[in-house]
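Single-structure report; data block below.
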Amino acid sequence: MRKLLLLPVVMGLSAGLVAVAPTLSLTPARADAPASSQRPSHIEGRIAFLQAELHITADQMPLWNAVADVLRQNDQAMRSAWGDMRHDGDDEDVTALDRLTKMQKMAELRAQHLDKLLTAVKPLYAALSDDQKKNADELLSRGFGRMHHWHS
């Protein structure tokens, strides 16, 4: 019985790891891999989900659009950075120092994106009702700010 109760938890964790796995590996993609092997962006769906979950009003739309634009820009920049990193050489040519340097650059890029996102979210958050803020707080605790990238 316990095994059956744990199954959804294990499956949820597995799904989370699968979603995070591309961000954990710095192994470049094969040069002969088709361009279609790059994961599609789901940023528009995420933006629509967040807008619906936050119950953005017509008056809040200009502030929301600023957040959505940052999410799109960050998504595109991260996708481009990951693509560049994948094409930086074969596995045999990449040293531990190369990988750490790439990891540091990605962390710096994420920090820059988080700064842009925070700058856009602050005025929106201030304009939210108490119920909307409660929703935003819950979404933030579940990775709202990660949208990866908020990250794909």
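Taking interchain pairs and intrachain pairs at least six residues apart, which have beta carbon atoms under 7 angstrom, with the first residue in segment 74-92 and modelled with pLDDT of 70 or more and the second among the hydroxyl-bearing types (Ser, Thr, Tyr)?
Asp75/Ser41; Asp75/Ser152; Met78/Ser152; Arg79/Ser41; Arg79/Ser152
From Lys102, Lys134, which residue is in a helix (DSSP H, G or I), at pLDDT 95 or above and basic (Lys, Arg)?
Checking each option against the conditions leaves just Lys134.
Quick check on segment 87-100. Is at least one of its residues in contact with a Lys or Arg (Cβ under 9 Å, 6 or more places away or on another chain) and either of a type in the set (A, V, I, L, M) or surrounded by 15 or more Cβ atoms within 10 Å (Cβ to Cβ) (or both)?
There is at least one residue in segment 87-100 that is in contact with a Lys or Arg (Cβ under 9 Å, 6 or more places away or on another chain) and either of a type in the set (A, V, I, L, M) or surrounded by 15 or more Cβ atoms within 10 Å (Cβ to Cβ) (or both).
Could you check how many residues of segment 50-80 are under 14 Å from the mean Cα position of the chain (by Cα), more than 16 Å from Asp115 (Cβ to Cβ) and surrounded by fewer than 19 Cβ atoms within 10 Å (Cβ to Cβ)?
Residues meeting the conditions: 3.
The values are calculated or read from the model by the stated rules, or taken from the named source; none is laboratory data. Remember, it's a predicted structure, so these values are computed and weren't measured experimentally. Virtual Cβ from ideal backbone geometry, glycine too; neighbours counted across all protein chains shown.
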